[in-house]
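First the structure, in the form of structure tokens, and then the observations on it.
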Amino acid sequence: MNEFKFMRAATLADAAAAFEKADDARYLAGGQTLLPVMKQGLAVPSDVISLARIGELAGIAVSKERIDIGAMTRHADVAAHKEIRALLPALSVLAGGIGDPHVRNRGTIGGSLANNDPAADYPAAVLGLGATIVTDERTIAAEHYFQGLFATALEPGELITRVEFPVPRRAGYVKFPHPASRYALVGVMVSDGPHGIRVAVTGAGAGVFRVPAMEQALAKSFTPEAIADIPIADADLTSDRHGSAAYRAHLVGVLARRAVTLAASPAMHGHRS
Amino acid sequence: MNAPASFGKSQVRVEDQRFLKGQGRYIDDVNLPGQGYGAFVRSPHAHARVLSIDTSAAATMPGVLLIVTGAEWATQKFGPLPCRSPSKVNRDGTPFKDPARQCLVHDVARYVGEPVALVVAATAAAARSAADAVLVDYETLASVTDRGRAMAAGSAQLWPEAPQNLCLDFEQGKRADVESAMASAKHVIRLDLENNRLTAVPMEPRGAIADFDRATGQYTLWNSSQNIHANRDLMAAMLRIPKDKLHHLAPDIGGGFGGKNSVYAEPIVLLYAAGKLAHPVKWVADRTEAFLTDTHGRDQHSNVALALDDTGKFLALHVHSIGNVGAACGTMGPFTPTGGSARTQGGPYAIPAILYSAQAVFTNTVQTDPYRGAGRPEAVFHIERVIEFAARKLGIDPVELRRRNLIQPEQMPYTSGIGLAIDCGNFPAVMDRVIAMSDRPGYAARVTASAAKGLRRGFAVTPYLECSGGAPQEEAQLKFTSDGIVLLAVGTHSTGMGHETALAQIVGDRLGIDLHRIHFRQGDTAATKIGGGHGGSRGIELGGCAALKAADMVIDKARTIAAHALNSRADDIAFGKGKLTDSKTGQSMTIDGVIAAAGDQSRLPAGMSVGALDSTAVFDREMFTVPNGAHACEVEVDPETGVIRVVDFWAVDDFGSVINPMLADGQVMGGIVQGLGQALLEEVVYDSDSGQALTTSLLEYALPRADHVPRMKIEFYEGAPTKRNPLGAKGAGEAGCCGASPVIVNAVLDALNDYGVTHIDMPLTSEKVWRAISAGGKA
């Protein structure tokens, strides 16, 4: 790892000021992506600004209609949160399946969404549940937030402060973990909530995407059979050593059906395939 | 205090307290006052000519103490990195090719990660930044990383002296017999097999600290190595320094698996830098460096042909392999895919004629070298896959086909078709026992239960046979201190296997001393004169037998001391359970009494002086042992996704006498998980066009995790102890990965039998399984 300057911001304003002043600053929101790429020399920031001590980014608030999660909330805390588990178990399961215990104890929802790794789990939750991203400057709807490979609507220096999830009637998340990284080779979130039926896929393409044909079919009949024959085009899907586009397309279908089954079952609302 | 016999009993490791509480001392815990930090400049290209190196910017950066380039290294005319391959003669009698590989590249870099320069600075970060500022001008050359293409016309050539990139063209066995048997056999079953390229990924990456004392000319090298003595000799020779001027020692080692056996370039360059600076220089690899530069293992492609008669009796076996040596010879060079893979061909089966031929080839990849098993797991895979394949093809039950061909106990001793002298073993009994453990009567119900979940269940049983190896000589020393401690020093090397406990059990049991009073030392050229380190499952077989021999020397001397004290004759003193007894008078003395007497000149007989009990033994292995066993497993396959789960695993292993069943269990378990990794997950990949390494982190290289590990039941067959060493022990370290890969692959193919799938290459990734099912066209 190369040398860099390190500071801990106490407030959002502090963080923004430090970011502005530095040559090439990066926010540290858990470091589960940033630190490995710094170690490999793929990122060589001049300044690293830790967000860990900013009170405005902490905390979980749950009501019957909405779950608000502060940007610096760690995956392990989302996974273990009793009210989230009761109201939106698919989200608990998703958070509890990210990476490994080390990652879940350090990584944060805000860090994950700002990074927008095409194989991260949280983008599937945000798009698949119709969540809203709140930043230090504005609110952004999920469908406007994700803009492809590692790209988001965030401006340079703009910070996510919290994420607001509407509570759906039912939802299920099924993930096929990448055998090495445990990112999603493919992950599918299916929900039936205030924004209608949503099917969001992560891992399979350059960024999280919805599958309108499946959503329409599920709106008519919320059963795995209803989407059994819907083909997934693999032309735009990712192809790599761990999964060709054709295999990923196939998995989207399998996992979507399994997610529907889970969403429809009262006990389990998500699992790893 | 006399100890209850602990030999043969499970005993919690004495080193656990240290390791589990974070009190182990690994290479990164070793720090010397005033140490500088090294960072290596490495080739980013698979094959490139170094046109120039510009260090001017790096040299002026803060904290930079020294830069050593390949050009400077060349001016020193140090020896090349050595190759000690036991297989070195081509089938036409000419010698193999061993091109000179230097520690730092001067002219041509031949794999991604090959060291080009070393930067030493006051901090690790400053060293890294300065290393990044070294400007190397490369002319890139065409590369070849795939062993299958290495010999093809038009492929990149790595060394002018090695046409077609051929390092060694090897053959062992009975060619004429095999050819005539193949020509006339009722059946010849052919199968092409892939042994995927692996890397050991020890939890602790490699690292070293070198120091130099200008006043005495003494070098000291702390090194995360499992082969301290032999590598000291080789490194000292390269650097042209006397052996005794290089003190080589290892702290605790966090895993080796073969990957810390070789002589590596980095510690040698650190020694040179420390000599120049006359102060210590430290370097510890990061995980990416480990993936790029640790020696890799396996990487063989084999054509296997098995000839059978009309009753299913095996007549002949021919295996031809192409093995990837890497960019130049590693410390064992072409041995693993050639002689190393030849030794146990044919496994535990009576096959009259066996031929093993192999071509070891150079490619633009890091060196391959021994990786847990070093050829024996490959050989097990060849025979066990082709038998399973033959059984399906000929419609014979795979267990029955094996049973018909196993070497029978009454045939022992038996010289195998490839020439392996097997002294003992009861292969049918071992296979029957693992089948009995695996609840065959309940299988049908388990198949039905799996089917109800949409899963296909499969079962396989595969015997295995291997042989121990490594350096044939070992030293052990016992020294007695005035406070009742016994210091045991050996030249074998535990990298986490538990020698500190097992060897203490052997000595403690023999002397009747509690094993906690035995303090263990290893991996230090100042502690023992010789040492074979670790490799070839030799820890107990060599280190244990040397320790036992030293304990027997102590007992001989103890009898003389006791006779003097008891006014008796040494011949009349009997020793047992920590007590020396005059068989005539019944008078006795404890071993502790003798130890105390040995520290007091007035109580010693003439000719003995204080410290007389201290003993050094050297044990010579006359013949290596033949561990064997049988593994069985059940798997579930999700045909919709291709995901495999190994549900249950049963093992019966014949390691001869078992010193500590708990540790032997651990060896088998770890080996099974390693074999599972090869079967299902692991594969080092280079891009075949650019030669770039693609698996350079744990995000890309899939290791087995806890949730991949099946339920395991492990038993030991102790009915055939070997007479080849006084412990009756056969090496245990490499057995697990010999049996696991083939039995898991065979069980998956059993599960997929209904789909018409007969073979899938390792690793059996979910996509490969899904594609095989889709292509099989049956269900």
Check your understanding: Which of the residues that make up the range A:201-238 are within 14 Å of chain B (Cβ to nearest Cβ), without any contact (Cβ under 8 Å) to a residue 40 or more places away in the chain and closer than 25 Å to residue A:113 by Cβ?
Key -> A:237
Practice item. Test residue B:769 against the stated conditions and say whether it is within 14 Å of chain A (Cβ to nearest Cβ), touching a residue at least 40 places away in the same chain (Cβ under 8 Å) and either touching a strand residue (DSSP E or B) at 6+ places or on another chain (Cβ under 7 Å) or outside any loop (DSSP other than H, G, I, E, B) (or both). Key: yes
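Looking at the structure I just gave you, is residue B:595 under 19 Å from residue B:482 (Cα atoms), without any contact (Cβ under 8 Å) to a residue 60 or more places away in the chain and either among the hydrophobic types (A, V, I, L, M, F, W, C) or surrounded by fewer than 20 Cβ atoms within 10 Å (Cβ to Cβ) (or both)? Break it down into steps so the answer makes sense when it comes.
Details: under 19 Å from residue B:482 (Cα atoms): yes; without any contact (Cβ under 8 Å) to a residue 60 or more places away in the chain: no; either among the hydrophobic types (A, V, I, L, M, F, W, C) or surrounded by fewer than 20 Cβ atoms within 10 Å (Cβ to Cβ) (or both): yes.
No: the conditions fail for residue B:595.
If you check residue B:322 against the conditions, is it among the β-branched types (Val, Ile, Thr), part of a strand (DSSP E or B) and either outside the structural domain of residue B:368 (by TED's automatic domain parsing) or modelled with pLDDT of 95 or more (or both)?
yes
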Exercise for review: Only residues that are surrounded by fewer than 21 Cβ atoms within 10 Å (Cβ to Cβ), touching a helix residue (DSSP H, G or I) at 6+ places or on another chain (Cβ under 8 Å) and in a helix (DSSP H, G or I): list them for the range B:164-180, please.
Suggested key: B:164
**Study point:** Residue count, the range B:613-624 (criterion: at pLDDT below 95 and surrounded by 13 or more Cβ atoms within 10 Å (Cβ to Cβ))
**Key:** 3
Study note, to complete from the structure: Across (1) buried (at least 23 other Cβ atoms within 10 Å of the Cβ); (2) touching a Lys or Arg at 6+ places or on another chain (Cβ under 8 Å); (3) assigned to a strand (DSSP E or B), residue B:138 clears everything bar (1)
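Considering each residue of the range B:480-498, count those that are of a type in the set (A, V, I, L, M) and either surrounded by fewer than 21 Cβ atoms within 10 Å (Cβ to Cβ) or in the same structural domain as residue B:229 (by TED's automatic domain parsing) (or both), and give that number.
The total comes to 2.
Please determine, by comparing only the residues of the range A:230-255 that are β-branched (Val, Ile, Thr) and not in a helix (DSSP H, G or I), which one is modelled with the lowest pLDDT.
Only one residue fits best here, namely A:232.
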Practice item. Could you list, in sequence order, all residues of the range B:450-493 that are of a type in the set (D, E, K, R) and within 30 Å of residue B:331 (Cα to Cα)? Key: B:466, B:474, B:475
**Study point:** Hits in the range B:559-592 (condition: touching a residue at least 12 places away in the same chain (Cβ under 8 Å), of a type outside the set (Gly, Ala, Ser) and not in a helix (DSSP H, G or I))
**Key:** B:573, B:575, B:577, B:579, B:580, B:582, B:584, B:585, B:587, B:589, B:590
Check your understanding: Restricting to the range A:4-31, what's the tally of residues that are within 14 Å of chain B (Cβ to nearest Cβ) and surrounded by fewer than 15 Cβ atoms within 10 Å (Cβ to Cβ)?
Key -> 2
Practice item. Search the range B:683-696 for residues being within 22 Å of the chain's Cα centre (by Cα) and facing chain A (nearest Cβ under 9 Å), and hand back the single one that is surrounded by the fewest Cβ atoms within 10 Å (Cβ to Cβ). Key: B:685
Check your understanding: residue B:679: within 20 Å of the chain's Cα centre (by Cα) and either surrounded by 24 or more Cβ atoms within 10 Å (Cβ to Cβ) or not charged (D, E, K, R) (or both), yes or no?
Key -> yes
Check your understanding: Looking at (1) in contact with a Phe, Trp or Tyr (Cβ under 9 Å, 6 or more places away or on another chain); (2) at positive phi; (3) small (Gly, Ala, Ser), can you tell me which one residue A:50 breaks?
Key -> (2)
Practice item. For residue B:744, state whether it is more than 30 Å from residue A:176 (Cα to Cα), away from every other protein chain (no Cβ under 14 Å), within 23 Å of the chain's Cα centre (by Cα) and not in a loop (DSSP other than H, G, I, E, B). Key: no
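Looking at the range B:279-301, can you tell me whether even one residue there is away from chain A (no Cβ under 14 Å), closer than 30 Å to residue B:183 by Cβ and modelled with pLDDT of 95 or more?
The answer is yes; a qualifying residue exists.
Matching residues to (1) closer than 20 Å to residue B:105 by Cα; (2) without any contact (Cβ under 8 Å) to a residue 40 or more places away in the chain; (3) surrounded by fewer than 21 Cβ atoms within 10 Å (Cβ to Cβ):
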| site | (1), (2), (3) |
| --- | --- |
| B:264 | yes, no, no |
| B:273 | yes, no, no |
| B:278 | no, no, yes |
| B:282 | no, no, no |
| B:285 | yes, no, no |
| B:300 | no, no, no |
| B:303 | no, no, yes |
| B:308 | no, no, no |
Practice item. Return a yes/no flag: does the range A:49-64 have any residue that is in contact with a Pro (Cβ under 9 Å, 6 or more places away or on another chain) and buried (at least 17 other Cβ atoms within 10 Å of the Cβ). Key: no
**Study point:** The listed residue being among the charged types (D, E, K, R) and closer than 25 Å to residue B:193 by Cβ, out of B:397, B:432, B:439
**Key:** B:397
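If you scan the range B:55-76, which residues turn out to be aliphatic (A, V, I, L, M) and under 15 Å from residue B:121 (Cα atoms)?
Within the range B:55-76, B:57, B:58, B:59, B:61, B:64, B:65, B:66, B:67, B:68 qualify.
The values are calculated or read from the model by the stated rules, or taken from the named source; none is laboratory data. Small disclaimer: the values here were computed from a predicted structure and weren't measured. Positions of Cβ are backbone-derived with ideal geometry, glycine not excepted, and every protein chain shown enters the neighbour counts.
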